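Note sheet for the following structure.
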Amino acid sequence: MGDDQFSKLIPFLVLFATVLFFLGRNQESLADCREVLKRNPAHFGALSGMGQIYARLDDYDRALEAFEKA
C-alpha cells in the first residue's frame, strides 16, 4: 500500500487506537499511534492519545513529551 493510500486510512487507524485504549490494550494502541506518526509526525490525535496512554501507565515524562508535541 502506497503512502497516498495509507494516508486515507489514518483517521480509521486513530479511531482503532482509541478503541484499543478504551479496551485497556495500551501497547497495541501505542503501536497504532506510532504508525500514524511515521506518516504524520504532528498528528494531534496520535500524539494526544500517546500522552493519555503514557499517563495511564504512570510514565509521566513520556506523557508530558507527547502532550507538548500535540
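The values are calculated or read from the model by the stated rules, or taken from the named source; none is laboratory data. Being a predicted model, the structure only gives us computed values, none of them experimental. Cβ placement follows ideal geometry from the backbone for every residue including glycine, while neighbour counts extend to all protein chains displayed. Accessible surface is based on the protein model in full, side chains and every heavy atom, while ligands, DNA and RNA are left aside. Shrake-Rupley method; radii C 1.70, N 1.55, O 1.52, S 1.80 Å.
Rounded to the nearest whole Hz, the Karplus-based 3J(HN,Hα) values (6.51 cos²θ - 1.76 cosθ + 1.60, θ = phi - 60°) of segment 6-22 follow the sequence 5, 4, 6, 8, 3, x, 6, 5, 5, 4, 5, 4, 5, 4, 4, 4, 5, with x at glycine and proline. Computing Cα extents along the principal axes in Å for the structure here picks out one of (1) 31, 26, 20; (2) 32, 25, 14; (3) 36, 25, 13, namely (3). Placing a pseudo-label 7 Å from each Cα along the Cα-to-Cβ vector at ALA31 and LYS69 gives an inter-label distance of 1.9 nm. Probing with 1.4 Å while keeping every protein chain in the model, the per residue accessible area of the chain equals 66 Å². Axis angle, to the nearest 10 degrees, between helix 26-39 and the longest C-alpha principal axis of the chain: 50 degrees. Contact order, relative form, for the chain: 24 percent (alpha carbon pairs under 8 Å, 6 or more residues apart, mean separation divided by residue count). Quick check: the angle from helix 44-56's long axis to the longest principal axis of the chain, C-alpha only, nearest 10 degrees? Orientation of helix 44-56: about 30 degrees from the principal axis.
Charged side chains reduced to their Cβ positions (Lys and Arg at +1, Asp and Glu at -1) give the chain a dipole of some 140 debye around its Cα centre. Taking the protein heavy atoms of the chain in the context of the full set of protein chains, the accessible area attributed to carbon and sulfur is 57 percent at 1.4 Å.
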